[in-house]
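For reference, the structure discussed in these notes is given below.
The values are calculated or read from the model by the stated rules, or taken from the named source; none is laboratory data. For clarity, every value in this text was computed on a predicted model and none was experimentally measured. Cβ: placed from backbone, ideal geometry, glycine included. Neighbour counts: every protein chain shown. Surface accessibility is based on the protein's heavy atoms, side chains included, excluding ligands, DNA and RNA. Shrake-Rupley method; radii C 1.70, N 1.55, O 1.52, S 1.80 Å.
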Amino acid sequence: MSATLKLAHRAIGVEVRRGPYDAVVDGQFVRSLTMNETIDIPVEPGHHTLQVRSGRNSSRIRTFDVADGEVASFRCTGKSILPVFLLSFVVPSLGISLKRE
């Protein structure tokens, strides 16, 4: 059996960074997802890393553990409060928010 990583690209209201995002699991590109899309990625049970990228912008790397048959859910968005948005031009890893649900 395997585990599942569920990744959603969702935002409430206006999002400036609306392009497709690339999902990177354990340092390897897995798949792109578009605005308002949710994807399921099969992963082996255990410890993993997840990052979402879009051009020079990215999320911070998140780690997660998932057991056999379990689902780990994350939501990503390019929307942020104005100070963080402006800071993301200097620190690209603040350009996309990635949160566990």
Within the accessible area of the chain (1.4 Å probe), percent carbon and sulfur
57
Inverse of mean 1/r across different Cα pairs in the chain, Kirkwood, Å:
13.7
Quick one: accessible area per residue over the range 1-79, 1.4 Å probe, rounded to a whole number of Å²?
54
Quick P(r) readout (the range 25-64; Cα-Cα; 5 Å bins; whole %) gives 6, 18, 30, 29, 13, 4, 0
The chain: calculated mean residue ellipticity at 222 nm from DSSP helix runs of at least 4, using -39500 (n - 2.57):
-1500 deg cm²/dmol
When the Karplus curve 6.51 cos²θ - 1.76 cosθ + 1.60 is applied with θ = phi - 60°, which whole-Hz ³J(HN,Hα) does each residue of the range 48-56 get, with x for Gly and Pro?
9, 10, 9, 9, 10, 10, 8, x, 7
Quick one: Karplus J couplings for the range 27-33, per residue in order, coefficients 6.51, -1.76, 1.60, θ = phi - 60°, nearest Hz, x for Gly and Pro?
x, 10, 4, 10, 5, 9, 9
For Arg100, net neighbour charge (Lys/Arg +1, Asp/Glu -1) across residues whose Cβ lies under 9 Å away:
+2
With the contact rule set at Cα under 8 Å and sequence spacing of 6 or more, what percent relative contact order holds for the chain?
33
Which stretch or stretches of the range 57-75 have amide N atoms under 19 Å from the point lying 7 Å from Ser2's Cα along the Cα→Cβ direction?
64-74
